[in-house]
Each structure stands twice: as structure tokens, then as C-alpha cells.
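Here the structure comes first, spelled out in C-alpha cells, and everything after it is commentary.
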Amino acid sequence: MISMCAILTGCYADEITEERFDKEYRLKKPVLLKFRNGAKDWTDPEKWTLKSLKSTYGQWMLYSGSSLEVVRRGGNGYLGSSFEEYVDGMMAEGQDDKKEPPYVFDRSFYNDTDLSDTLNLPSFLSVDNNLEDSLFFLGSTGTGISFHNHADAWNAVIFGCKRWFLYNIDQNPPGGVSPGYGQLDWYHNLYPNLTKKEKPTECIQEPGEILYLPEGVYHGTINIGDTIAIGIQKKEAVTDAMKYIYEESSLREKGETTVIDRMELMFKVLDMYPESAEINLRLGSLNQEINQMESAESYLEKAVQIDPYFVMALLTLAEVKAKLEKKDEAETLMKKVIKLNPNVWDGYAKYGTFLKENERFKDAAEVFRQGIKVEPYQKAFYFYLKEMEEKLGNKEAARRVNQQLRRLEQMEAQEELREKRD
């Protein structure tokens, strides 16, 4: 397990044998690998410059997104653009560290290129495409990825720098995992309030360095300068806890099993990590699915007790409180979420729906308007705002909202056509 010191120190890769790596680091603790000649020791940096990539792959499709939404979507970018469009447009937006432009987080681009032919990695970082996924990262200052964890992985920076924030699997990041905080929101609004015990292990990954991340370690990143990097991640978990978590997620996606089967897997993880806010949230949500609201409330209150900043635990607890007819408590929790993080659209969606169901149409309309400002591409906000305006007798306002909804649907249709052409 990681020693929760403030700074993760590095060591030179040529001082680590495969035997030493397996004994000291693999599945045990992260290590920042340095190279005597930087990236030249393991690749050809000239083929990775923005100029070179743009010249060779300028019309290739890339997928990018915000640090929060990429994690929400299972580690997949969702905004399609050509390489050239991204570099000349979206990437150019990143001028300061308080604004988060879209970040390329693409699972296909690297494997489809010839860039893998430039790699000459240490033997203990060998790549097997049958067992591992590859990821291509590209972004400017302020881009990054929100907290998440997964199977064994390593991340290599060719140009730019990454600031890493790391937590053990048994210490969830304050604020929780996605969807909770964009990484810049977390850094500017929550990080300064953390106690020494709550703060993460950190490091700055310089050009040419490779960071190894053991399975289960929670991590979030913020890029410093224009950054180009790749990541390799195991497809399957090998530790018991992550096996159970992967299996529960797979069963949920397939929808081919009962909630009880999924709960049994989470109970096994909870036995290992009883103070895991995330696992308590999962069990609370599973109890909510089978309408066991008192049990759901208990697990969710434990999650919030462990982590008072945990946005999704607070929101889910609010939903459960509402179903238990504890409406005042539910509304207080929803307002707290929006105050904690006004940039997460889930808070407006849940609170607006709560107000709508309680026939507070004017208040609901205002909350849905706020939600649109935060997430202008979320169609549900327009649909419900239109409904609220109609309830209030505001026909002209309802018509304008409906126009916005149709434009959004047209944009989505055009994007689908473009993806099919490409």
C-alpha cells in the first residue's frame, strides 16, 4: 500500500530490474520512473510533437471531453473532432489554470497509428494488446481527469507535465468519485480545505517520465502546459477487491442478474474496506433499487459521515429521504450539493425534479435554467423547463425553450452523421 507522504519520489528506470519491480512495486505502490535522456530513452520525441502529429494525423478523428464527464462515461471522450480542429480550436482555449477546456482521452487513436513502433520500453512495462487497453492524451493547461481507479496501469508523458493526486483504495478521495467534481473544481474549491490526513500523495510528472499506478489506486490529474501522453491499462483486475468491483459493474451494464447478486459482491468489498465511502454509496444505491429505503438511508448516511464532501452520496441520500417523506431534509441536502459544487449538473437535475414532483413549478423552472448554464447539452433540462413554462402558462417562453431543444437535437443528428462518414 502507498505510504501517504506528501510527495511521491521518483527513481531511474535503469536502476530497476524486472525482479525488483515485481517485488517492490507491482500491485503494491506507485513509482515515478525517470530516464537519463528523458523521452529519448524510450521513444522518438520528434514523431510526437504537435507539429508532426498534426501533419500526419490532422484529419483523423479524436474524442475529448471534460475531466468529470470522461470519467462518468467510463473513461471515454465524447466530443468528436479532427486532430487539426482540436489543436487549432478547443486546445487553444486553455489559457489559464482556472478554465478547463476539453481534454483528449481517446481509446482508439494510438492503436490505429504507427506510434507504437517508436516505443522501446523497460521490460517490466511490456505491452500486450490482448490484455491491455491503450489511451492517447492531449490537452492544454488546466485539462485533466477526475478521480477514478482501475486495474494496473502506467502513464507516459512525452511533452508537458502532469500533476497527480493519489489515494489508496481504502481512502476515497474527498468529494468522492465521478460524478462529483471536475478536477480543477476539486483543486480550487476543495483541496485547500483538506486536513493533512485528508490530502493526497502528489507528484509532478515531467516530460519523459513514466508513472506506474498499481491496481485500485484512486488518481486524478491536472495538466501543466500543452501535454502529450499515452497510457496503458490492464483490461482485467487481479486483486480480489477490484475483481468484485469490476464484476458488479459488468453485471449492472449487462442487466442480466439480480440486485442481490450485485450486493453480495459489494458486501465482500465492504468487509475489506468498511470505511470506504464509495462502497457504502454503492450499497445504498443498490438498496434503493429494490426499494429498501431504510437500509439505503443507513448506508448513504455512513458514506456522508465518512466523506461530508461526497456529492453523489449526498444527492442519492436526498432522493432516498424524499421517498421516505423527509422532504425538508431532502431539499436541504440538494441545496448543499449545489453550494458544494455549483458546476455539477446532477445537482440541478435532481433538485429541479424534486421541485417539479412537489408542484413547485416556478422554483423548478429556475433550477432547470441554472442547469442549462452548467450543462447546455443536456436535453432533459430543456424538456423539463419547457414543461414548467407550460404549467406556468408562459407559452412564449415554452416555445423558445422548445426551439432550443430542437436545435440541440439537430446538432446531435449532424454529429451522428459525421461519425458515420468518418
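The values are calculated or read from the model by the stated rules, or taken from the named source; none is laboratory data. In this text the structure is predicted, and so the values were computed from the model without any measurement. No Cβ is skipped: glycine too gets one built from the backbone with ideal geometry, and neighbour counts run over all protein chains shown.
For the stretch 251-274, give me each residue that is of a type in the set (Ser, Thr, Tyr) and surrounded by fewer than 13 Cβ atoms within 10 Å (Cβ to Cβ). Answer for the stretch 251-274, where residues must be of a type in the set (Ser, Thr, Tyr) and surrounded by fewer than 13 Cβ atoms within 10 Å (Cβ to Cβ): just Thr258.
Taken together, Leu53, Leu33, Leu68, Leu62 contain a single residue that is crowded, with 17+ Cβ neighbours inside 10 Å, at pLDDT 95 or above and either in a strand (DSSP E or B) or under 22 Å from the mean Cα position of the chain (by Cα) (or both), which is Leu33.
Examine the stretch 184-206 for a residue that is touching a helix residue (DSSP H, G or I) at 6+ places or on another chain (Cβ under 8 Å), at pLDDT 95 or above, in a strand (DSSP E or B) and buried (at least 22 other Cβ atoms within 10 Å of the Cβ), and state whether such a residue exists. No, the stretch 184-206 has no match at all. For the stretch 89-99, the count of residues that are part of a helix (DSSP H, G or I), under 30 Å from Asp346 (Cβ atoms) and in contact (Cβ under 8 Å) with a residue 60 or more places away in the chain is at least one.
Just one of the listed residues (Leu392, Leu385) is modelled with pLDDT of 95 or more and crowded, with 16+ Cβ neighbours inside 10 Å, and it is Leu385. Each residue in the stretch 207-251 was checked for being assigned to a strand (DSSP E or B), acidic (Asp, Glu) and either modelled with pLDDT of 95 or more or more than 22 Å from Leu184 (Cβ to Cβ) (or both), and 0 pass.
Within the set Glu359, Glu366, the sole residue that is at positive phi and either buried (at least 17 other Cβ atoms within 10 Å of the Cβ) or modelled with pLDDT of 90 or more (or both) turns out to be Glu359. If you go through the stretch 123-159 and keep only what is crowded, with 19+ Cβ neighbours inside 10 Å and part of a loop (DSSP other than H, G, I, E, B), you end up with Ser140, Thr141, Gly142, Thr143, Asn149, His150, Ala151, Asp152. Restricting attention to the stretch 160-180, which residues are assigned to a strand (DSSP E or B) and hydrophobic (A, V, I, L, M, F, W, C)? Within the stretch 160-180, Cys161, Trp164, Phe165, Leu166 qualify.
The requirement of being modelled with pLDDT of 95 or more and in contact with a Ser or Thr (Cβ under 7 Å, 6 or more places away or on another chain) is satisfied by Leu300. Pairing each residue of the stretch 372-395 that is under 20 Å from Glu357 (Cα atoms) with any residue that is polar (S, T, N, Q) and part of a loop (DSSP other than H, G, I, E, B), provided the two are 6+ apart or on different chains, yields C-beta distances under 9 Å for Ile372/Gln378; Met388/Asn394.
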